[in-house]
Amino acid sequence: MTTTAIVNIGNLVTNDPELGEGPLGQIKNAAIVVEGDKVVWAGPSADVPATDEAHDAAGRAVIPGFVDSHSHLVFAGDRTEEFNARMSGRSYSAGGIRTTVAATRAASDEALEANLKHHLAEALRQGTTTFETKSGYGLTVRDEERALRIAKAHTDEVTYLGAHIVSPDLADDPAAYVDLVTGEMLDACAPHARWIDVFCEKGAFDGDQARAILTAGKAKGLLPRIHANQLSFGPGVQLAVELDAASADHCTHLTDADVDALASGDTVATLLPGAEFSTRAQWPDARRLLDAGVTVALSTDCNPGSSFTSSVPFCIALAVRDMGMTPDEALWAATAGGAQALRRTDIGRLSPGARADLAFLDAPSHVHLAYRPGVPLVSEVWRAGARVA
Ligand SMILES: [Zn+2]
């Protein structure tokens with residue numbers, strides 16, 4: 001197999017403290033050797049072993065590709081008007097999802113796939129090399145199954161979210177909808193998904209319903225994750241820890257008991273500041289979680305209603321500016337943290353054995369992601385050893 005050395009890296013983030021400085025394992029004037037789809041060596045440029053080929057980073061910073069562990073990209077339609085109205089003073093409620101459900105049901109498979117590919121390409125150009133994406137805008141057996149089938153063609157991190165809201169078809173009988181989500185719909189969807197998720201929130205599903213849904217998914221071999229404590233205090237976070245969910249996502253409204261539960265378990269707290277930005281809501285308190293010893297991930301929540309951004313760098317800038325994270329913590333959360341939220345050890349780092357997913361920044365270091373917000377600093381992206389953007 002051909003080996004390629006990427007040399008003249010101004011500042012390399014490996015996320016392996018044994019390879020370099022600090023928790024990010026940073027190396028100045030660094031090189032990486034890629035063989036096939038893997039990193040086989042990382043260290044100072046002066047020590048780089050002989051390789052078949054060389055690629056000059058020209059002093060740019062290199063970081064692990066972003067791991068976006070939470071998005072909703074199988075959808076159709078547009079919610080510009082809802083956003084515009086909200087920015088003119090109306091508050092967000094989970095009901096807006098129904099608009100996207102109607103548009104998604106009416107769309108062809110081809111239209112849904114084209115839209116998904118468009119947004120994945122947009123994310124890739126911005127440095128995201130791993131995407132998780134969910135169903136949740138179909139809410140019928142047929143429409144949830146096809147959403148997951150389409151998602152699975154483009155990413156291996158696929159989440160069944162039949163329990164996004166109670167289907168409008170069964171609005172008067174939520175118990176019947178939970179039966180469907182845990183029965184026929186689960187049977188149809190489980191073969192296409194790795195994860196099961198539920199929106200545990202007032203107006204969506206309560207703690208008992210969420211427990212029933214995630215438990216049924218686990219029995220079918222799906223791994224749980226949960227939308228928890230986004231719009232209000234609630235049982236979602238502690239339920240996530242109880243069920244050993246990989247991640248509790250949002251974590252905006254937390255009691256001390258919620259924070260203690262997260263600190264005591266293996267559930268990652270995934271913060272999604274694009275949602276708070278786009279709904280003018282209170283920021284999640286990342287500092288409080290980090291100080292308590294909770295593992296934090298950062299993700300976009302890219303969806304057409306409450307967070308229509310595919311930009312992880314934008315989320316990093318928000319987390320640093322408004323959520324008390326340092327630039328180093330935010331970068332870790334958007335790479336290694338995302339990997340942990342997906343229970344993956346092959347991504348989110350650039351040390352030997354990792355998949356060669358790299359983002360090159362037109363900047364001396366990753367600190368510029370927050371220091372120069374809104375500037376397209378990602379100038380080159382590699383995934384699995386291949387230059388893709
Ligand atoms: Zn979400």
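Each reported figure results from applying straightforward, stated rules to the coordinates on display, with no laboratory input. Because the structure is a prediction, the values reported are computed rather than measured. Glycine gets a Cβ as well: all are built from the backbone with ideal geometry, and neighbour counts include every protein chain shown.
Annotations
- Ordered by the number of other Cβ atoms lying within 10 Å of each residue's own Cβ, fewest first, Ser306, Ser247 fall into the sequence Ser306, Ser247.
- Over 20 Å [Cα-Cα, segment 1-135], rounded percent: 63
- Among Leu19, Leu254, sorting on how many other beta-carbon atoms sit within 10 Å of each Cβ, with the fewest leading, yields Leu19, Leu254.
- Projected-area mean, segment 148-230, by convex hull of Cα positions, square nanometres: 5.3
- Counting every other Cβ atom within 10 Å of each residue's Cβ, Asp16, Asp37 order from fewest to most as Asp37, Asp16.
- Rounded Å value of the spacing that divides the Cα centres of segment 227-252 and segment 305-357: 19
- Restricting attention to segment 66-342, lysine pairs at least eight places apart or on different chains and with alpha-carbon atoms under 20 angstrom apart total 7.
- Whole-percent P(r), segment 15-59, all Cα pairs, 10 Å bins from 0: 26, 54, 20, 0.
- Within segment 183-233, the chymotrypsin sites (Phe, Trp or Tyr not before Pro) that combine a DSSP coil assignment with at most 14 other C-beta atoms in a 10 angstrom radius are Phe233.
- Along its three principal directions, the equivalent ellipsoid of the chain from the Cα gyration tensor extends over semi-axes of 35, 22, 20 Å, largest first.
- Values of log10 I(q)/I(0) for segment 235-372 across q = 0.21 Å⁻¹ run -1.32, by the Debye formula with one identical scatterer at each alpha carbon and no solvent.
- Partners for Lys28 among aspartates and glutamates (Cα-Cα distance below 13 Å; same-chain residues under 8 apart left out): Asp47
- For segment 69-130, trypsin sites (Lys or Arg not before Pro) meeting the loop criterion (DSSP other than H, G, I, E, B) and having at most 16 other Cβ atoms within 10 Å: Arg90.
- Compactness of segment 177-308 - radius of gyration and Dmax, Cα, Å: 14.4, 43
- Dimensions of segment 96-207 along the principal axes, based on C-alpha atoms and rounded to the nearest Å, stand at 43, 26, 26, largest first.
- Annotation for segment 171-219 versus segment 359-379: alpha-carbon center distance of 40 Å.
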